[in-house]
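Before any comments, here is the structure.
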Ligand SMILES: C[S@@+](CC[C@H](N)C(=O)[O-])C[C@H]1O[C@@H](n2cnc3c(N)ncnc32)[C@H](O)[C@@H]1O
């Protein structure tokens, strides 16, 4: 996936992200922290922190002075820094982390690996800054399977326009299957490699509540919806509403992520 269609779509106001994928962030962060075995007293790095969903949960467990975070998106890094005073937040990419070797007990990345320009380099950097015996762990969506809102989104898009298949994150995103993740972790020299599913959820007040942030252009899905011509966007909106079976009433959607963990030798 090119930067233009991927990472670049996160240079939007943090609030747009909060109302789209950010809704799933807290539950997913709790699952990632548990899978990585993060305990009080640890020093943690959040790679690709966004507006701070995982950073917030790390601060609650470890205290701000034990947490650092990086993100290349200026509005997201600024939002994370503003929301979490005391956390060292840097504007930086996974592929070039601004930290010395072995300074963290755990390096985590939530919904970031597949957006990296060079994921193997990003994982190597996460390993470099983590001490021997520490943990490198990520969560990625099961885009091709049970990440409900995005699966329905791309199925609706392709049903109306077969050319949208190249934008379907279930096809375009690398390192989003258990097999690819396990191979990447092993190639990076990590030990005790595990990949497991985590199912999380988000609440919506109505279909409009789900739709509105998409028009703000955040994430590859929002960028797709926002770029449609008005008539195509109206048709797509109706198709998505039908496929979700959603209307004016509140509803909850679930989303499956894969969590990969490994120990630094
Ligand atoms: C889907 S958001 C996830 C944000 C946050 N981790 C969360 O769970 O809410 C993806 C994030 O990855 C960041 N990102 C994109 N390319 C990156 C890279 N090469 N290194 C680190 N972060 C990157 C984006 O700026 C964005 O904040």
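Look through 86, 50, 37, 25 and report the one residue that is touching a residue at least 12 places away in the same chain (Cβ under 8 Å), surrounded by 22 or more Cβ atoms within 10 Å (Cβ to Cβ), touching a strand residue (DSSP E or B) at 6+ places or on another chain (Cβ under 9 Å) and on the phi > 0 side of the Ramachandran plot.
Values: 86 fails: surrounded by 22 or more Cβ atoms within 10 Å (Cβ to Cβ); 37 fails: surrounded by 22 or more Cβ atoms within 10 Å (Cβ to Cβ); 25 fails: on the phi > 0 side of the Ramachandran plot.
Testing whether each residue is touching a residue at least 12 places away in the same chain (Cβ under 8 Å), surrounded by 22 or more Cβ atoms within 10 Å (Cβ to Cβ), touching a strand residue (DSSP E or B) at 6+ places or on another chain (Cβ under 9 Å) and on the phi > 0 side of the Ramachandran plot leaves just 50.
Which ones in segment 171-188 are exposed (fewer than 13 other Cβ atoms within 10 Å of the Cβ) and either at positive phi or out of contact with any strand residue (DSSP E or B) (no Cβ under 7 Å at 6 or more places or on another chain) (or both)? Working first, answer last.
Here is the first cut: in segment 171-188, the ones exposed (fewer than 13 other Cβ atoms within 10 Å of the Cβ) are 179, 186-187.
Selection gives 179, 187.
Hey, among the residues in segment 1-12 that are closer than 14 Å to residue 79 by Cα and surrounded by 15 or more Cβ atoms within 10 Å (Cβ to Cβ), which one's modelled with the highest pLDDT? Step through it out loud before you land on a result.
The first filter runs over segment 1-12 and keeps only residues closer than 14 Å to residue 79 by Cα, leaving 10-12.
From what's left, surrounded by 15 or more Cβ atoms within 10 Å (Cβ to Cβ): 10, 12.
Details: 10: 88, 12: 83.
Step by step, filter segment 1-12, then rank; the result is 10.
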Practice item. Provide a single number: the residues in segment 214-233 that are closer than 17 Å to residue 15 by Cβ and not in a helix (DSSP H, G or I). Key: 2
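Considering 48, 122, which residue is under 13 Å from the mean Cα position of the chain (by Cα) and within 12 Å of the ligand (Cβ to nearest atom)?
On the way: 122 fails: under 13 Å from the mean Cα position of the chain (by Cα).
Every option except 48 fails the conditions.
Somewhere in segment 21-44, is a residue more than 28 Å from residue 134 (Cα to Cα) and near the ligand (Cβ under 9 Å from one of its atoms)?
Here is the first cut: in segment 21-44, the residues more than 28 Å from residue 134 (Cα to Cα) are 21, 23.
Then drop every residue that is not near the ligand (Cβ under 9 Å from one of its atoms), which leaves 21.
For segment 21-44, residues more than 28 Å from residue 134 (Cα to Cα) and near the ligand (Cβ under 9 Å from one of its atoms): present.
I'm trying to understand the selection: among the residues of segment 62-80, which are out of contact with any strand residue (DSSP E or B) (no Cβ under 7 Å at 6 or more places or on another chain) and either at positive phi or more than 16 Å from the ligand (Cβ to nearest atom) (or both)?
Start the filter on segment 62-80 by keeping residues that are out of contact with any strand residue (DSSP E or B) (no Cβ under 7 Å at 6 or more places or on another chain), which leaves 63-65, 71-76, 78-79.
Result: 63, 64, 65.
Which helices (runs of 4 or more DSSP H) does segment 154-213 wholly contain that include 1 or more residues that are touching a helix residue (DSSP H, G or I) at 6+ places or on another chain (Cβ under 9 Å) and either modelled with pLDDT under 95 or within 17 Å of residue 144 (Cβ to Cβ) (or both)? Give the derivation first.
Values: elements: 169-172, 178-187, 207-211.
Qualifying helices (runs of 4 or more DSSP H): 169-172, 178-187.
Can you go through 196, 229, 248 and tell me which one is farther than 30 Å from residue 101 by Cα, touching a residue at least 40 places away in the same chain (Cβ under 8 Å) and surrounded by fewer than 17 Cβ atoms within 10 Å (Cβ to Cβ)?
Values: 196 fails: farther than 30 Å from residue 101 by Cα; 229 fails: touching a residue at least 40 places away in the same chain (Cβ under 8 Å).
After ruling out the rest, the residue left standing is 248.
Given the residues 74, 92, which is the only one that is under 18 Å from the mean Cα position of the chain (by Cα), surrounded by fewer than 23 Cβ atoms within 10 Å (Cβ to Cβ) and without any contact (Cβ under 8 Å) to a residue 24 or more places away in the chain?
Residue meeting the stated conditions: 92.
The values are calculated or read from the model by the stated rules, or taken from the named source; none is laboratory data. Predicted, not measured: the structure shown is a model, and the values here were computed from it. Neighbour counts run over all protein chains shown; Cβ positions are idealised from the backbone, glycine included.
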